[in-house]
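Bear in mind that the values in this text are calculations on the coordinates, not laboratory data. All of these numbers come straight from a predicted model, not from anything done at the bench. In this analysis, Cβ positions are derived from the backbone assuming ideal geometry, glycine residues included, and neighbour counts consider all displayed protein chains.
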Amino acid sequence: MAIQDCRLIELPQVHDQRGNLTFVEGGRHVPFDIQRAYYLYDVPAGSHRGGHAHRGLYQLLIAMSGSFDITLDDGFENKKFHLARPHYGLLITPMVWREMDNFSGGSVCMVLASAHYDEADYYRDYDQFCAAARAAAP
Ligand code: T46
């Protein structure tokens with residue numbers, strides 16, 4: 001897995017006079033079964049989150065409200081995304097380091113994940129992550 005596999009996914013929107021509705025179906029709009037949802041909210045101005053990579057987890061990050069930046073790094077290259085609309089999700093594949101910052105006031109980040117929480121799936125040390133990513137590269 002590499003940074004090229006991470007991408008913005010445009011989700012369906014149903015518009016009518018009552019507002020908009022967006023939905024996400026596992027295996028259809030995202031290439032994994034959804035096993036967990038969690039959300040980041042009440043994030044103080046200037047906060048940084050992330051600072052880790054996952055060994056096997058796939059995730060879709062959605063700015064449900066407000067906006068924030070995410071920088072991805074696969075040990076070889078970086079790519080920065082700005083999430084600001086709830087009908088776009090950022091797919092993050094395994095073995096990609098992520099850093100999140102520039103949260104706007106009142107922002108909410110919802111994450112759909114391919115597995116239950118498992119601390120053993122995390123790389124939380126950047127040097128260790130880079131060594132593993134480079135060792136696994138073809
Ligand atoms: C990611 C970004 C976008 C749980 O107990 N269950 C959970 O499902 C999660 C996600 C976290 N936790 C615990 C683990 C830590 O003790 O909550 C605490 C804070 O987690 P963390 O420091 O990893 O939070 P973030 O915002 O830096 O990262 C999270 C996810 O962990 C991560 O997978 O990609 O959001």
List, in order, the whole-Hz ³J(HN,Hα) value for each residue of the stretch 84-95 obtained from phi through the Karplus relation with A = 6.51, B = -1.76, C = 1.60 and θ = phi - 60°; use x for Gly and Pro. 8, 9, x, 9, 10, x, 9, 7, 10, 8, x, 6
Given the alpha-carbon gyration tensor of the stretch 49-138, what are the semi-axes of its equivalent ellipsoid in whole angstrom, ordered largest first, with each equal to the square root of 5 times an eigenvalue? 24, 14, 11
Please give me, ordered by residue number, the GluC sites (Glu not before Pro) of the stretch 41-138 that lie in loop per DSSP and have at most 11 other Cβ atoms within 10 Å. GLU77
Quick one: which residues, 5 or more positions from ALA2 or on another chain, have an amide H under 5 Å from its amide H? H modelled 1.01 Å from N in the peptide plane, none for Pro or chain starts. none
Charge tally for neighbours of SER65 with beta carbon under 14 Å away, counting Lys, Arg as +1 and Asp, Glu as -1, is 0
Could you let me know the centre-to-centre spacing of the stretch 86-109 and the stretch 29-50, using Cα atoms, in angstrom? 7 Å
Of the chymotrypsin sites (Phe, Trp or Tyr not before Pro) in the stretch 33-138, those whose Cβ has at most 14 other Cβ within 10 Å and which sit in DSSP loop: TYR41, PHE76, TYR117
So what is the relative contact order for the chain, in percent, with contacts set as C-alpha pairs under 8 Å and at least six apart? 34 percent
